[in-house]
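Trainee: Once you've had a glance at the structure underneath, I'll fire off some questions.
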């Protein structure tokens, strides 16, 4: 086995011709193609037949995050366009659901396009129905090497920031979909079960599901549960260092309902299949949160915010010696919530799942799309299927599968 420090990103590269990248979704969600990798064999079908390939004891875990219209184009009085891309809320708090309900003023961490031309506050007019909306956007300070602290204020202040974004923002298509946003994207770049607002990128494996497929799964008594990871722009961040151990993994926000965790505990004896890499990352991070809560209680240590942040390499180093059963780990989370009379909690994760070294604790199958070369998402897939990822991707490339967010799907068992 390679040491973590010796794994090179060039080993997870492949040639992805531009014409293989899907610029538009399939005509119907469930008519996209499905590659199945099971028992070391590759086959294919259409996504509508997904349930025919699921194990008898399967249970599906979905990420129910909702993509926000995070990209805003502002225009200075001289016509210069400034693009502001909302990443995560800062004030009046960092909780998405509360900031979306804020009226009149809020602050966000944002990416800024054409930043050097953005020196003074920009005021633009829009219309919500018959009401004139006046939006003022001001750059307060630099938040990080790539992001800025941005203040939004608007009149009338009776509107929530969610309503403002719906009026002035647009769906943030990934950077590799090189075309203008069209009206259809507001529907198709969103899962049919999206519920919790906060993502700036879709959990794309879920884009293939229709209400009819979900009803079919229900009729076949295949349990389904929903968790939330708000997908950040960092999901598109390439690994630029030669060795993956030097890559700084992006942080993403997690949201868990106590009832959902209790439901997942009852499903742990089943073949749990995660819909999307974000669901994998959520579920595995939940396990490690449970481990930290369990250890803190066993050692009679104070439980603090650190218990609800999974650092990039914690499972490989600080927590590697703790092989706690998933039932016990998840029950530790439920016990904490009960003791503190909480029905839900927020957390965050920097977890990076890499080949050879990460042992999946809960995820036993994955439904996903085809990912970019040299990406953290491809590393996660390579950890699950091993070096077979090369054969799988070669098959997809030579059999005209469509790649990336609007592309076709895979089922790994």
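Coordinate-derived values only; no laboratory data. Worth saying up front: this structure is predicted, and the values here are computed from it rather than measured. Neighbour counts run over all protein chains shown; Cβ positions are idealised from the backbone, glycine included.
Trainee: Using the alpha-carbon atoms, what tilt in degrees (0 to 90, nearest 10) does helix 258-267 show relative to the longest principal axis of the chain?
Mentor: Between the helix axis and the principal axis of the chain, the angle is about 20 degrees.
Trainee: Now for a separate question. Want the number for residue 91 to residue 41: 0.36 nm per residue separation, take away the alpha-carbon distance, what's left?
Mentor: Net length gain for the segment: 12.9 nm.
Trainee: So, one more: Between residue 388 and residue 75, take the C-beta separation as r, use R0 = 30 Å, and let me know the FRET efficiency to the nearest 0.05.
Mentor: Numbers: r = 50 Å, r/R0 = 1.67.
Efficiency at R0 = 30 Å is approximately 0.05.
Trainee: Output the peptides 291-297, 151-157 sorted from most to least packed, where packing is the average of other Cβ atoms within 10 Å over each peptide's residues.
Mentor: Answer by packing, highest mean first, reads 291-297, 151-157.
Trainee: For segment 18-40 and segment 124-178, what is the centre-to-centre distance using only Cα atoms, to the nearest Å?
Mentor: 33 Å
Trainee: Could you line up 85, 344 from fewest to most neighbouring Cβ atoms inside 10 Å?
Mentor: Values: 85 19, 344 13.
Final ranking by Cβ density, sparse to dense: 344, 85.
Trainee: Roughly what % of DSSP beta bridges within the chain run antiparallel, to the nearest 5?
Mentor: On the way: 56 of 77 bridges.
The antiparallel proportion sits near 75 percent.
Trainee: Ordered by packing density, taken as the mean number of other Cβ atoms within 10 Å over each peptide's residues, highest first, how do 161-169, 24-32, 141-149, 298-306 rank?
Mentor: On the way: 161-169: 18.6, 24-32: 16.2, 141-149: 13.0, 298-306: 9.3.
Averaged packing, sorted descending, gives the order 161-169, 24-32, 141-149, 298-306.
Trainee: Could you give the distance between the Cα centres of segment 59-104 and segment 280-347, to the whole Å?
Mentor: 29 Å
Trainee: Measure nothing fancy, just the Cα-based angle from helix 376-385's long axis to the longest principal axis of the chain, in degrees from 0 to 90, nearest 10.
Mentor: The answer is roughly 20 degrees.
Trainee: How would you rank 362, 134, going from fewest to most other Cβ atoms within 10 Å of each one's own Cβ?
Mentor: Arranged by neighbour count, lowest to highest, 362, 134 become 134, 362.
Trainee: Right, here's the next one. Round to the nearest 10 and give me the degree value, 0 to 90, for the angle of helix 388-398's Cα axis relative to the longest principal axis of the chain.
Mentor: Result, in degrees: 60.
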